[in-house]
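Heads up: the structure comes next, in structure tokens.
The values are calculated or read from the model by the stated rules, or taken from the named source; none is laboratory data. Quick caveat: nothing in here was measured; it's all calculated off a predicted structure. Note that each Cβ is placed from the backbone with ideal geometry, even for glycine, and that neighbours are counted across all protein chains shown.
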Amino acid sequence: MNSFDELQLNYIDGQWRPASGGATFPNTNPSDAGDIIGLFPDSSAQDAFDAVEAAAKAGRQWESLGSIKRGDILFAAAEILARRQEELARAVTREQGKCLRESLGEAQRAVDILRYVAGEGRRISGSTLPAEEPRSVALTWRKPIGVVALITPWNFPLAIPVWKMAPALLSGCTAVLKPSPLAPHTAALLVEIFTEAGVPGGVLNLVQGDRAPGEALTSHPEVRGISFTGSLGVGLAIQSAAAPRLARTQLELGGKNAVIVLADADLDLAADAIVHGAFGQAGQRCSATSRVVVEEGVREDLVARILGRVAELRIGNPIAESTRLGPVVNEDRLDACLQAIGRARQEGATVRTGGARAVSGELANGYFMEPTVLTDVAADSELATEEVFGPVLAVIDANNFDHAMGISNSVKYGMSGTIFTNSRTRAYDALQQFEAGMLHVNRPGVGAWPHMPHMGAKLSQYGAPECSPETWDFYTEWRSACISFPA
């Protein structure tokens, strides 16, 4: 595909085609609502069914290719993605709104993930075990589970589809990708790259749209696994739809992540990490820093440092090199942030900076939110316990380490946990006590490296981790064999 018009299509059974009913939806630039990126297929259940049928038909031949050759195709995709890195980053910035520097970082992460997974083609394996009888061997190996549905969010429209597509394809599964309707263009570019790299028709399918194709995929009897990243509510609905047929689920859901700052911490180091974690990507990531739990004695010193750094964040067109804070993804997300701040004020929280929509000059046509810091936030308040998914930071007072850890663990989510302290004992205690999946000490608490498990705890995660060898436990199932050789 070369023309943009062709990108505004589904990709099913090796063919780019419109939604079966001909319906479309607009994709707009969140930094300029008047910039229409394109019209994309508003797919029906029938489109999803067609994609599943194509994936099921392609399964046996794709599995028989073997993991080494499948890995070679993924290596080729990684090199194409690397060559087109800036193009892809600009596409992400235009349709999602994150700063170009952040989109370039995401594109590099996608390349790194692809190269890592491709290399696993020569390592994914089972075991040779002792046999109880002479002239016999015992073996185990992994086998792909079949057709998988990959339902991806808008906040990482490059990296998250890649970290689902790459292991799905390497394992021998065939896939249907259903991206968020807020990030359809990037998904189409990715499918184009995988196709150019040599993924055969039917092995990887793309269905654009919103609820209708998503519900069809989660309920289709041929779909043996559903990997989803998104909200808790949708994740619970997917689990309910998959359970009656025992389809596997891999669900990465919300987060309400805490950074604990003890009185002995390096406050400058902590403030840098907190601002990065809270306001990077306008706070729109599952591992974003949304709570700071700080010992009371150093609270004002820490807040002063945070406010000083926030004042230096330039809000503006995310494509500009000097911009450090772009828009939130759409008007609904902006309204949700403003409403959460309003309710927090009513509950007694103090807005120390921000708290409103940013509308001056070039910002007037976009969904820009002032970076917001609130203090006097009660540990059990809505702002302290519910996900906001925007550039909003709650500062919560704690008496000591034990009190801070109790506050951190008091929410239903458990994506990320971070502590700043110069005490090795407290750092070790925190690693043992955090009820979260991805932990950090004296560094930003956002995610992990590409080869490490990306996972949460509690209601942040269900099923196998992603971005690590552990993900094969989702995409594959075990086989064992006992083989005897008569004399």
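Summary table
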read-out	value
Long-range neighbours under 7 Å by Cβ, at least six apart or interchain, first residue more than 21 Å from residue 67 (Cβ to Cβ) and in the same structural domain as residue 173 (by TED's automatic domain parsing) within the range 190-210, second at pLDDT below 95 and surrounded by fewer than 20 Cβ atoms within 10 Å (Cβ to Cβ)	192/1
Total residues in the range 254-272, condition under 20 Å from the mean Cα position of the chain (by Cα) and assigned to a helix (DSSP H, G or I)	0
Conditions (1) in a strand (DSSP E or B); (2) under 12 Å from residue 11 (Cβ atoms); (3) not hydrophobic (A, V, I, L, M, F, W, C): number failed by residue 225	(2)
Test: residue in the range 403-417 that is of a type in the set (Phe, Trp, Tyr), surrounded by 14 or more Cβ atoms within 10 Å (Cβ to Cβ), in the same structural domain as residue 289 (by TED's automatic domain parsing) and closer than 22 Å to residue 164 by Cβ	yes
In the range 202-219, the residues that are surrounded by fewer than 24 Cβ atoms within 10 Å (Cβ to Cβ) and at positive phi	202
Residue under evaluation residue 254, criteria (1) crowded, with 16+ Cβ neighbours inside 10 Å; (2) modelled with pLDDT of 95 or more, criterion not met	(2)
Residue under evaluation residue 347, criteria (1) in contact with a His (Cβ under 8 Å, 6 or more places away or on another chain); (2) surrounded by fewer than 20 Cβ atoms within 10 Å (Cβ to Cβ), criterion not met	(1)
Filtered residues of the range 432-485 (kept if surrounded by fewer than 21 Cβ atoms within 10 Å (Cβ to Cβ) and acidic (Asp, Glu))	435, 470, 473, 477
Looking only at the range 352-389, and only at residues there that are in a loop (DSSP other than H, G, I, E, B) and touching a Pro at 6+ places or on another chain (Cβ under 8 Å), the one that is nearest to residue 34 (Cα to Cα)	366
Single condition residue 60 does not satisfy, out of (1) exposed (fewer than 15 other Cβ atoms within 10 Å of the Cβ); (2) in contact (Cβ under 8 Å) with a residue 12 or more places away in the chain	(2)
Residue in the range 13-31 that is nearest to residue 366 (Cα to Cα), counting only those that are under 24 Å from the mean Cα position of the chain (by Cα) and of a type outside the set (Ser, Thr, Tyr)	30
Residue in the range 248-269 that is of a type outside the set (A, V, I, L, M) and free of Cβ contacts under 8 Å to residues at least 40 places away in the same chain present	yes
Residues of the range 91-144 that turn out to be crowded, with 23+ Cβ neighbours inside 10 Å, closer than 26 Å to residue 71 by Cα and hydroxyl-bearing (Ser, Thr, Tyr), as a count	1
Test: residue 299 is out of contact with any helix residue (DSSP H, G or I) (no Cβ under 8 Å at 6 or more places or on another chain), among the charged types (D, E, K, R), in the same structural domain as residue 231 (by TED's automatic domain parsing) and touching a residue at least 24 places away in the same chain (Cβ under 8 Å)	no
